[in-house]
1. Given (1) open to solvent by 60 Å² or more (accessible area, probe 1.4 Å); (2) in a strand (DSSP E or B); (3) at pLDDT 95 or above, identify the lone condition not met by residue 28.
2. If you go through segment 86-138 one residue at a time, how many are within 26 Å of residue 196 (Cα to Cα), part of a strand (DSSP E or B), in contact (Cβ under 8 Å) with a residue 40 or more places away in the chain and of a type in the set (A, V, I, L, M)?
3. Can you say whether residue 142 is open to solvent by less than 30 Å² (accessible area, probe 1.4 Å), touching a His at 6+ places or on another chain (Cβ under 7 Å) and β-branched (Val, Ile, Thr), as far as the supplied structure shows?
4. Could you pull out the residue among 62, 73 that is among the β-branched types (Val, Ile, Thr), in a strand (DSSP E or B) and open to solvent by 40 Å² or more (accessible area, probe 1.4 Å)?
5. Give the residue that is least open to solvent (accessible area, probe 1.4 Å), with candidates limited to residues of segment 172-192 that are among the hydrophobic types (A, V, I, L, M, F, W, C) and at pLDDT below 95.
6. Which residues, counting only those in segment 1-25, are touching a residue at least 40 places away in the same chain (Cβ under 8 Å) and outside any loop (DSSP other than H, G, I, E, B)?
7. Could you say which residue among 200, 164, 195 is touching a Ser or Thr at 6+ places or on another chain (Cβ under 6 Å), buried (at least 17 other Cβ atoms within 10 Å of the Cβ), outside any strand (DSSP E or B) and not acidic (Asp, Glu)?
8. Would you confirm, using the coordinates I've provided, whether residue 72 is in contact with a strand residue (DSSP E or B) (Cβ under 8 Å, 6 or more places away or on another chain) and either of a type in the set (D, E, K, R) or closer than 18 Å to residue 133 by Cβ (or both)?
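The values are calculated or read from the model by the stated rules, or taken from the named source; none is laboratory data. Since we're looking at a predicted model, the values are computed, not measured. Positions of Cβ are generated from backbone atoms using ideal geometry, with glycine treated the same way; all protein chains shown enter the neighbour counts. With ligands, DNA and RNA removed, areas are computed over all heavy atoms of the protein, side chains included. Shrake-Rupley method; radii C 1.70, N 1.55, O 1.52, S 1.80 Å.
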Amino acid sequence: MVTLITHPLIQHKLFLMRNKDTCSKDFRQLSFEISQMLGYEAMRNLETKLTPVETPLATTKVIALSAKKIALVPILRAGLIMSDAISNIVPNAKIGHIGIYRNPQTHEPIEYFSKLPNDIGSCSVFLLDPMLATGYSAAAAIKILKQKGVKDITFVSILAAPEGVDYLSNAHPDMKIYTGAIDEKLNENLYIIPGLGDAGDRIFGTY
């Protein structure tokens, strides 16, 4: 299931991120702001329950989150900005990390790091990566999570390519995808077109 978030504020901030003259400082801030908005939308269907509360005037029952734990798992390194942003609105969320890079010759994903909460299998997991290009890294990360017993996975990206959406949907049809935009295509080097460049390099100023 793919959900495209077309909120005007997200689209405007994405417009600013696409600009090649946007500096790293502003790119980081825009990434942070969009990530919070996407996280808000991706968590719309979190489990809730009626919970007693005593207000200054009365005792009542209101909607609150259920006891199910939430985990944020950024794909290193660019996903870090997204976990920093979303953890501001769910400060009790656990945070794991998965490191995957793309082989420059074969474009195959290579795992180099994985550190996840011990109880990750019982969490609602939000897998975070600003760019969904080929979908190879995301699919590999989801495989790692499933091997740890995770059944509830939502992938959140700022920007996606149709090829990546198709690949990920076919590889893991049981998961949900939230993104701020689906661009035209991948180029011959498997970069998103028109895209916004390499998100990691622009976030960390390493281009």
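1. Tallying (1) open to solvent by 60 Å² or more (accessible area, probe 1.4 Å); (2) in a strand (DSSP E or B); (3) at pLDDT 95 or above, residue 28 fails exactly one: (2).
2. 6
3. Working: open to solvent by less than 30 Å² (accessible area, probe 1.4 Å): yes; touching a His at 6+ places or on another chain (Cβ under 7 Å): yes; β-branched (Val, Ile, Thr): yes.
Against the criterion (open to solvent by less than 30 Å² (accessible area, probe 1.4 Å), touching a His at 6+ places or on another chain (Cβ under 7 Å) and β-branched (Val, Ile, Thr)), residue 142 qualifies.
4. 62 is the lone residue from the list that is among the β-branched types (Val, Ile, Thr), in a strand (DSSP E or B) and open to solvent by 40 Å² or more (accessible area, probe 1.4 Å).
5. Filtering first and then ranking leaves 175.
6. Correct list: 2, 3, 4, 10, 11, 14, 17, 18, 24.
7. 164
8. The answer is no for residue 72.
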